[in-house]
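Nothing in this text is a laboratory measurement; each read-out follows from the coordinates by a stated rule. Keep in mind the model is a prediction, meaning the values are calculated, not measured. Because the Cβ atoms are built from the backbone with ideal geometry, glycine has one as well, and the counts that use them run over all protein chains shown.
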Amino acid sequence: MPEEETAPFKTTVVGSLPKPAWLQEKLPLNAEGKQVHGKGASWMFEGELLHRAQDDAVRVAIHDQISAGIDIVSDGEQRRTSYVTYVTSRLEGFDYSVLAKKWTRNKRRLAEVGRCVGEVRRSEPILVADLQFLVSQSNHPVKVTLPGPMTVVDSTADEFYEDERTFAFAVADALNEEAKALDALGPAVIQFDEPVFSRYPDKVAEWGIDALDACVRDLNASTCVHVCYSYPMPGVPRPIVDSYPTILAELERSRVDQLALEFEASGLDPKLLELCPSKTVLYGCIDNGALSFDDVESAEHVAGRLLGAAAHHPPEKIQAAPDCGLVPLEIDVSRRKLAAMVDGARLARSRL
């Protein structure tokens, strides 16, 4: 397990940031026919011009994070129509030419999803070129994100394995191969996104932690798992169920080094952090639109949230982070939220 740096309240992002209007059409994440696990929103360019535009969007995302004062940066997932399908569509065994409809996130919504129609395997690099570009553009420590196996299982229709655990471990093996290739490039953090952990605590205990551990085998980078209650979507309920007591206790026994957790929009009690004492926690202290797509937290508010967390967890093991990816927000709102988060972390640090 990598040794964590001890500076309290370092700042980072979960992964996604809003895309510029000139790069991709702006649609609600639950837009009919273009849902997040299916086809996704359309790009404004094609071919080589699209590739260059995405490069520029990554540069903007890096600039925005560094300007705000973020310590550990990502590429903002500017090349991805979906954090899931960008990866799964490049694995063998998945078909996105004909989508299926499936209830996802414990019946939160009926989504259009790709289908697993054969053995899941990684036959070529997926994010390697993206990470190479990110590393070339920033001297800051960087993180790279992959969807976790339980989230992949929930976000696709299984027409091959007919067993969730078997399907998940096949996905985990493929993701671990990709993670090892990414690890060779020296990222500070490799993160696996598992928002569905909050929806299926029993499955987390039965096989979710084991599948997650399979993803992080033999990695040198710090490893992270992100857990939230999923993106806010207009007209779609977002119930905050009492799953953290179970999943945090289970995550404490996992091999991952860091837990990126939603606390701001959910209003969960930071006392829950006592369940995962060995982990570095990316403490969600700004929301991504679940409360409001326009309101920006104050630095004072962020500082209070971080110091509240520090009453239950060592501050050197707490990082300031958003609840989730900020992709649902407008760019100017995202920028102001990141700046407030950094100012709040600095304020909290001064009050320790």
Surrounding charge for Asp154, neighbours by C-beta under 12 angstrom, Lys/Arg +1, Asp/Glu -1, total +3
Taking Cα pairs closer than 8 Å and at least 6 residues apart, the relative contact order of the chain in percent is 20
So Glu119 and Asp242, fully extended at 0.36 nm per residue minus their Cα-Cα distance, gain in nm 40.8 nm
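If the only charges are +1 at each Lys and Arg Cβ and -1 at each Asp and Glu Cβ, what is the size of the charge dipole of the range 250-352 around the Cα centre, to the nearest 20 debye?
On the way: 12 positive and 17 negative charges, 96 e Å.
Roughly 460 debye, rounded to the nearest 20.
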For Lys19, counting only lysines whose alpha-carbon sits under 25 Å away and dropping same-chain residues fewer than eight positions off, the answer is Lys10, Lys34, Lys39, Lys143, Lys337
The size of the Cβ-based charge dipole (Lys, Arg +1; Asp, Glu -1) of the chain about the Cα centre, to the nearest 20 debye, is 560
Counting only residues 5 or more apart in sequence or on a different chain, those whose built amide H sits under 5 Å from that of Phe263 are Gly284
Here the alpha-carbon Rg of the chain over 2.2 N^0.38 Å rounds to 0.91
Scanning the chain, every Cys lacking a C-beta partner under 4.7 angstrom -> Cys116, Cys215, Cys224, Cys276, Cys285
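Greater than 31 Å separation of Cα atoms is the criterion. Which listed pairs, Lys26/Lys271; Lys26/Lys102; Lys101/Lys203, meet it? Write down the numbers at each step before the final one.
Details: Lys26/Lys271 38 Å; Lys26/Lys102 24 Å; Lys101/Lys203 22 Å.
Beyond 31 Å: Lys26/Lys271.
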Once amide hydrogens are built 1.01 Å from N within the peptide plane, the residues lying 5 or more places from Gln319 or on another chain with amide H under 5 Å from its amide H are Val281, Leu282, Tyr283
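Subtract the Cα-Cα distance of Ser292 and Lys26 from 0.36 nm times their separation in residues, and report this length gain in nm to one decimal. Please report the intermediate quantities before stating the final value.
On the way: separation 266, 0.36 × 266 = 95.76 nm, distance 1.75 nm.
Taking Ser292 through Lys26 to full extension adds about 94.0 nm, to one decimal.
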In order over the range 151-156: 3J(HN,Hα) from phi, Karplus 6.51/-1.76/1.60, θ = phi - 60°, whole Hz, x for each Gly or Pro, gives 5, 4, 4, 6, 9, 9
Taking Lys and Arg as +1 and Asp and Glu as -1, residues besides Asn106 with C-beta under 15 Å from its C-beta add up to +2
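Please find the FRET efficiency linking Ser42 to Ile66, where r is the Cβ-Cβ separation and R0 is fixed at 25 Å, and quote it to the nearest 0.05.
On the way: r = 29 Å, r/R0 = 1.17.
After rounding, the FRET efficiency stands at 0.30.
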Within the chain, excluding any GluC sites (Glu not before Pro) found in a DSSP loop (not H, G, I, E or B) and having at most 15 other Cβ atoms within 10 Å, the longest uninterrupted segment runs 163-329
Spelling it out for Ala157: with amide H atoms placed in the peptide plane at 1.01 Å from N, the residues 5 or more places away or on another chain with amide H under 5 Å from its amide H are Gly114, Arg115, Cys116
